[in-house]
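> Mind looking over this structure? Questions follow.
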Amino acid sequence: QVSSRADAPFVAVNCAALPANLIQSELFGHEKGAFTGAQQRKIGRLEAAVGGTIFLDEIGDLPLDLQVNLLRVLQNRSIQRLGSHQEIQLDVRVVAASNVNLELAVKQGRFREDLYYRLNVLRLHTPPLREREGDVPLLAQHYFQAFADAAQGNARGFSQQTLRVMSNYAWPGNVRELINRVRRAVIMSEHPLLKPGDLGLEKRAVDAGSVTLDQARAQAEFQAIRCALRRNQNNMSAAARQLGISRATLYRVLERSAGIATESRLDPAA
């Protein structure tokens with residue numbers, strides 16, 4: 001908001017999400033007839049960001065041949081649309097991000113060294129979510145509000161126990177995992193205050209040394225089955241279909257989890 005480009009275009013591109021055969025056209029644009037199916041001129045993402053900022057997310061997934069083209073753009077500060085020889089001058093700030101170690105990718109030959117150093121002018125390292133436990137409640141509340149407004153369900157927030165469990169969880173999938181767990185909980189939960197089980201984060205699974213891995217897995221299975229049965233009025237066949245398992249498997253899991261089920265009913269936090 002304090003940048004001189006704050007009011008200029010901001011264009012985000014997920015390099016990992018674009019099909020390999022479309023990346024060049026998406027980034028650089030093309031002229032009519034440049035290739036089969038190019039029925040009209042297309043302005044590329046780089047050109048659309050002129051005067052502003054382009055954010056290249058997951059740049060580590062950019063194919064090597066496109067890395068060469070991007071390096072040329074950064075060096076010459078100009079582009080050519082596919083099918084054209086005209087140079088288009090660019091005044092664009094480039095911000096790139098990657099969840100892979102680009103230094104290692106350079107050593108392995110998966111990322112160009114010259115492009116790496118061209119981009120690596122000002123480097124910001126974002127620690128994984130597990131190292132920012134104070135951010136977890138803030139992010140959870142932010143995404144909860146966004147999903148709750150859209151879902152218009154019964155959920156009003158998180159219980160204090162849930163916030164503690166979330167803060168102690170390792171979050172191997174980082175923010176994306178948090179977003180997905182919160183979204184699913186908002187949609188699926190019938191509780192006004194979301195519990196750890198609503199997010200698939202059983203309290204016992206994160207209490208150090210409290211349970212074995214098999215016990216934690218069994219608890220999670222039982223909670224999923226209990227939720228499916230409740231949503232299907234205790235119809236075993238319907239619950240099994242919702243969970244994507246057979247009715248026989250459902251019975252086996254319930255039998256194996258019988259001890260945990262009893263303990264869960266006695267635990268007021270469950």
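> Does at least one position in segment 230-252 carry a residue that is surrounded by 15 or more Cβ atoms within 10 Å (Cβ to Cβ), at pLDDT 80 or above and touching a strand residue (DSSP E or B) at 6+ places or on another chain (Cβ under 8 Å)?
no
> Going by the structure shown, is S98 in contact (Cβ under 8 Å) with a residue 40 or more places away in the chain, of a type in the set (S, T, Y) and over 23 Å from Y117 (Cβ atoms)?
So S98 fails the test.
> Still on this structure, please answer the following. For the list (1) surrounded by 12 or more Cβ atoms within 10 Å (Cβ to Cβ); (2) assigned by TED's automatic domain parsing to the domain that holds N69; (3) without any contact (Cβ under 8 Å) to a residue 40 or more places away in the chain; (4) not charged (D, E, K, R), I need the number of the one condition that A151 fails.
Single failed check for A151: (2).
To keep it simple, each residue is scored yes or no on (1) modelled with pLDDT of 90 or more; (2) farther than 30 Å from I54 by Cα; (3) not in a helix (DSSP H, G or I).
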site	(1), (2), (3)
V121	no, no, yes
R130	no, no, no
L138	yes, no, no
A146	no, no, no
G153	no, yes, yes
T162	yes, yes, no
P172	no, no, yes
R176	no, no, no
R181	yes, no, no
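> Follow-up. Among the residues of segment 4-23, what is the count of those that are over 24 Å from the mean Cα position of the chain (by Cα), surrounded by 10 or more Cβ atoms within 10 Å (Cβ to Cβ) and polar (S, T, N, Q)?
Selection size over segment 4-23: 0.
> Still on this structure, please answer the following. Out of all the residues in segment 140-181, which are β-branched (V, I, T) and either more than 27 Å from T126 (Cα to Cα) or touching a Leu at 6+ places or on another chain (Cβ under 7 Å) (or both)?
Step one: filter segment 140-181 for residues β-branched (V, I, T), giving 162, 165, 175, 179.
Hits for segment 140-181 are T162, V165, V175.
> Within segment 1-16, restricting attention to residues that are assigned to a loop (DSSP other than H, G, I, E, B) and at pLDDT 85 or above, which residue is farthest from S98 (Cα to Cα)? Talk me through it step by step, then tell me what you get.
In the first step, residues of segment 1-16 are kept if they are assigned to a loop (DSSP other than H, G, I, E, B); the result is 1-9, 15-16.
Next, from what is left, pick out any that are at pLDDT 85 or above: 8-9, 15-16.
Values: A8: 24, P9: 22, C15: 10, A16: 10 Å.
This residue is A8.
The values are calculated or read from the model by the stated rules, or taken from the named source; none is laboratory data. Remember, it's a predicted structure, so these values are computed and weren't measured experimentally. With ideal geometry, Cβ positions are generated from the backbone for all residues, glycine too; neighbour counts draw on all protein chains shown.
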